[in-house]
Amino acid sequence: MWKGWYGKEPFDLRLTVLRMLYKLPLILAVTLSGMLVFGGGYYVENVLLSGPPSYAATSVYHVEYAVEKEVDVGTVYINEMSWNTYVHSGVFLDLLRSHLAEAAEETGVLGGTALASECMETDDEELAGMLAAVLGSDLRVPSITVTADSPEKCVLVARAAEKAM
């Protein structure tokens, strides 16, 4: 078989393969135990303890700020926390409820009027918990993510949030 040099020591490929075959049960046991420990932990965390499924809808906006020059946009002190404060404020939630009321008056809108009236009856804390504002690297491109327990409710609140913006 092939015999080479590894550094200053001789290296025998046949002897290495034979020793690996001799230790094969140990190699398989360590591999399987690693799969069980790490894969089992991942399975328990992400499958068994994941909770009920949630749905999310994201809307991206382009905002023009009232600055004299385009270069001055970086000097405007608006960050992700500012957008989250606005999205969770009473003014925005009132606008959101008014657009949900309009959706409740329309018939046949994504699950009907019952879903829209159910969204209107939720308290401010739960409705604000569905909304999250994200601001990327560009201050002019905020986005709102709506998370809900049903896809119809998620889309309905996301459309109302788009109208409120």
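Points to keep in mind about this one:
- None of GLY112, GLY4, GLY108 is over 31 Å from the mean Cα position of the chain (by Cα), at pLDDT below 80 and open to solvent by less than 90 Å² (accessible area, probe 1.4 Å) except GLY4.
- Residues in the range 19-63 that are out of contact with any strand residue (DSSP E or B) (no Cβ under 6 Å at 6 or more places or on another chain) and polar (S, T, N, Q): THR31, SER33, ASN46, SER50.
- In the range 146-161, the residues that are surrounded by fewer than 18 Cβ atoms within 10 Å (Cβ to Cβ) and modelled with pLDDT of 90 or more: THR147
- Scoring SER143 on the criteria (1) modelled with pLDDT under 75; (2) outside any helix (DSSP H, G or I); (3) over 13 Å from VAL157 (Cβ atoms) leaves a single failure, condition (1).
- Of the residues making up the range 120-137, at least one is out of contact with any Phe, Trp or Tyr (no Cβ under 8 Å at 6 or more places or on another chain), within 29 Å of ALA66 (Cβ to Cβ), part of a loop (DSSP other than H, G, I, E, B) and modelled with pLDDT under 85.
The values are calculated or read from the model by the stated rules, or taken from the named source; none is laboratory data. Quantities reported herein were computed from a predicted structural model and do not represent experimental measurements. Every residue, glycine as well, gets a Cβ built from its backbone with ideal geometry; the counts of neighbours run over all protein chains shown. Heavy atoms of the whole protein, side chains included, go into the accessibility calculation; ligands, DNA and RNA do not. Shrake-Rupley method; radii C 1.70, N 1.55, O 1.52, S 1.80 Å.
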